[in-house]
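Everything below concerns the one structure shown next.
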Amino acid sequence: ELRPSASPSELRFEGVHFAYGDGEDALRGFDATFRRGELTGVFGRSGSGKSTVAALAVRLYDPQKGRILLDGTPLAEHDLEALRASYALALQDTVLFGETVRENLLLGRPDAAEADLWLALRAAGADGFVTALPQGLDTVLGARGSGLSGGEGRRLCLARTFLRDSGVLIVDEPFSGLDRTGVERVMQTLRARARVSIVIVIAHDLDDLSAFDKIVFVREGRAEDEGTHAELVV
């Protein structure tokens with residue numbers, strides 16, 4: 001089994017079909033290429049297959065037909081543990097634990113210094129509310145992050161994801177609930193990461209992707225179109 005490159009250049013979906021259980025196909029011949037150096041958004045309505053693309057990219061599932069390749073090698077030929085270790089993934093559903101803010105962040109990178117934690121929080125637009133918590137980084141969260149709003153929990157998960165040194169970064173709805181300053185910070189971080197990693201951002205609002213290099217429009221499990229924001233809104 002192969003170990004993925006620390007800095008892969010291309011993640012490619014070729015004719016991918018996938019269905020959950022006995023249900024309808026979530027992806028129906030999905031084709032798309034995501035490249036390092038190109039900030040790419042995946043846009044589509046709810047149920048179009050966007051989140052399935054993320055799940056298959058990290059091999060939570062394997063396609064029933066078609067192939068997914070990282071630098072030309074099918075994902076199934078990579079060592080699974082090494083493959084997943086090379087990804088950073090932030091989904092819409094927040095996963096936080098009944099520990100401190102600091103401990104939740106360190107799950108992303110256990111050797112991170114305190115300055116690194118604050119940089120990641122700022123990059124995710126989360127530094128303001130963490131500063132306001134009773135014990136800051138050492139505030140104990142309730143089970144599943146209770147005590148934080150949904151938006152605060154998502155931003156904390158995003159900061160934890162930003163801490164990871166990863167060859168592939170996949171983020172679901174990173175701009176949800178952010179003010180203009182927060183959106184600008186997250187955009188700066190995503191653009192900087194796209195220079196050195198494959199970055200895929202999933203969104204259901206096309207305007208969130210207006211400054212992206214490329215947008216893949218997903219409809220009914222297929223990549224129906226791709227281009228810049230200006231090209232897709234024509």
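The values are calculated or read from the model by the stated rules, or taken from the named source; none is laboratory data. For clarity, every value in this text was computed on a predicted model and none was experimentally measured. All Cβ positions, even for glycine, are placed from backbone atoms using ideal geometry, and neighbour counts span all protein chains on display. To get the accessible areas, we keep the full protein, side chains included, count just its heavy atoms, and leave off ligands, DNA and RNA. Shrake-Rupley method; radii C 1.70, N 1.55, O 1.52, S 1.80 Å.
At 1.4 Å probe radius, can you tell me the per residue accessible area of the chain in Å²?
Per-residue accessible area for the chain comes out at 48 Å².
Obtain the nm distance between the two label points defined at GLU24 and ARG180 by a simple spin-label model: each point lies 7 Å from its Cα along the Cα-to-C-beta direction.
A separation of 4.0 nm, rounded to one decimal place.
Report in % the part of the accessible area of the chain that belongs to carbon and sulfur, leaving out ligands and nucleic acids; probe 1.4 Å.
Looking at the chain in its full context, I get 47 percent from C and S.
What is the Cα centroid distance between the range 167-231 and the range 42-91, reported in whole angstrom?
17 Å
Say R0 is 22 Å: what FRET efficiency, to the nearest 0.05, do ALA192 and VAL95 get from their beta-carbon distance?
0.35
Just the C-alpha atoms of the chain: what Rg/Rh do they give, with Rh taken as the Kirkwood radius?
When Rh is taken as the Kirkwood radius, the ratio is 0.97.
Roughly how big is the chain's charge dipole about its Cα centre, with Cβ charges of +1 (Lys, Arg) and -1 (Asp, Glu), in debye to the nearest 20?
That gives the chain a dipole magnitude of about 260 debye.
Return the single residue from ASP138, ASP22, ASP31 with maximal mean-square fluctuation; model: Gaussian network over the chain, springs between Cα atoms under 10 Å.
ASP22
Under a 10 Å cutoff between Cα atoms, tell me which one of SER149, SER166, SER210 has the largest fluctuation in the Gaussian network model of the chain.
SER149
Report, in degrees rounded to the nearest 10, the 0 to 90 angle that the Cα long axis of helix 180-194 makes with the longest principal axis of the chain.
60 degrees
Two-decimal Rg/Rh of the range 125-167 from alpha-carbon positions, Kirkwood Rh?
Rounded to two decimals, Rg/Rh equals 0.99.
Give me the tail of P(r) for the range 47-178 as a percent: Cα-Cα pairs with distance above 26 Å.
When all Cα pairs of the range 47-178 are counted, 28 percent exceed 26 Å.
Rounded, prolate or oblate: which fits the range 140-196 when a ≥ b ≥ c are the square roots of the eigenvalues of the alpha-carbon gyration tensor, with rounded for a/c under 1.5 and prolate only if a/b beats b/c?
Verdict is oblate for the range 140-196.
Nearest 5 percent is fine: what portion of the DSSP beta bridges confined to the chain is antiparallel?
Once the DSSP bridges in the chain are tallied, antiparallel ones form about 55 percent.
Stick to the Cα atoms of the range 39-107, pair each with every other, and give me the Kirkwood hydrodynamic radius in Å at one decimal.
14.4 Å
Just how many % of Cα pairs in the range 1-63 lie over 15 Å apart, if you round to the nearest whole percent?
Summing the P(r) tail past 15 Å for the range 1-63 gives 57 percent.
Which of these, ASP213, ASP111, ASP62, has the largest mean-square fluctuation under a Gaussian network model of the chain (Cα springs below 10 Å)?
ASP111
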